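The values are calculated or read from the model by the stated rules, or taken from the named source; none is laboratory data. All of these numbers come straight from a predicted model, not from anything done at the bench. Neighbour counts are summed over all protein chains in view; Cβ atoms, including those assigned to glycine, are modelled from backbone coordinates with ideal geometry.
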Amino acid sequence: MKNAIIKIENLQKHFGNLEVLKDVSIDLYEGENLVVLGKSGTGKSVLIKCIVRLLDADAGKITVTGEEINHLKSKELDNVRRKIGFLFQSGALYDSMTVRQNLAFPLKRIKKDLSLEQVNAKIEEALENVGLPDAIDKMPSELSGGMRKRISLARTIIVDPLIMLYDEPTTGLDPVTSDEISALINKIKKKYKTSSIIITHDIECVRAVADRIVMLHEGLVYKEGSLSEFEKSKDELIQSFFKNEKHH
């Protein structure tokens, strides 16, 4: 049996009368890319926000690297969060900082014992890994959407996370750039041995990165399986997804 690096058990989350997650149980295994699929509003982003406790679950249990996070004090929670890289949909770069400063920021907070040379070496390595070494002294406003996404990714991997959470990593990008981001997700998994959850409704991204897929529907896990199982499925809901979603 593979080790589950994240275990989500009977997770529930509602906002007022709206039950977004009714009863969701998902495992993320070591070294895999797990894609969580579902139409807009099915609670995909809510799910990963609960994993890092940006949102608190109403019921259920989330265990990350053996620690149940629901009841952790803020210092212990910070230690768990340090193992997790979170790529937000918006990218969330600091506009007033250069790329170099954006990448130095998390390093200085998390790896405080690094020398200036080590910090610079890590920044250069992270930019090399996302194919943008020349962007180091640029401002975010000088970068295209795809470049900003790659810099955000560099900033996320610079602290060597064990786990990566990607929230709609290809949304709003043209097909060529989307393919590049999908290739980077695979490259990072291979190079850093990360275990990742990828939230997406971009079927091309799913085809490129998924080791396993979990589909959410109406607050529940609707189906779990491999890409080929999903593509061969005769289920109308799944078929509609794999046919109509190509054009996003």
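Listing for the model above:
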read-out	value
Whichever residue in the range 74-124 is touching a strand residue (DSSP E or B) at 6+ places or on another chain (Cβ under 8 Å) and modelled with pLDDT under 85 and, among such residues, is farthest from Leu153 (Cα to Cα)	Gln89
Criterion (exposed (fewer than 14 other Cβ atoms within 10 Å of the Cβ) and of a type outside the set (D, E, K, R)) met by exactly one of Ala183, Ala210	Ala183
Near pairs, Cβ below 7 angstrom, 6+ apart or cross-chain, from the range 67-92 (at positive phi) to any residue that is basic (Lys, Arg)	Gly91/Arg148; Gly91/Lys149
Test: residue in the range 193-207 that is under 30 Å from Leu18 (Cβ atoms), buried (at least 19 other Cβ atoms within 10 Å of the Cβ), modelled with pLDDT under 95 and touching a His at 6+ places or on another chain (Cβ under 6 Å)	yes
Matching residues, the range 101-118, being free of Cβ contacts under 8 Å to residues at least 24 places away in the same chain, part of a loop (DSSP other than H, G, I, E, B) and surrounded by 15 or more Cβ atoms within 10 Å (Cβ to Cβ)	Leu114
Residue in the range 37-58 that is nearest to Gln12 (Cα to Cα), counting only those that are assigned to a loop (DSSP other than H, G, I, E, B) and charged (D, E, K, R)	Asp58
Filter result for Thr171 (of a type in the set (Ser, Thr, Tyr), in contact with a Gly (Cβ under 8 Å, 6 or more places away or on another chain), modelled with pLDDT under 90 and farther than 15 Å from Glu30 by Cα)	no
Residue check, Asp167 crowded, with 21+ Cβ neighbours inside 10 Å, among the acidic types (Asp, Glu) and within 30 Å of Lys22 (Cβ to Cβ)	no
Hits in the range 32-72 (condition: within 19 Å of Asp211 (Cβ to Cβ) and either loosely packed, with under 15 Cβ neighbours inside 10 Å or of a type in the set (Lys, Arg) (or both))	Lys44
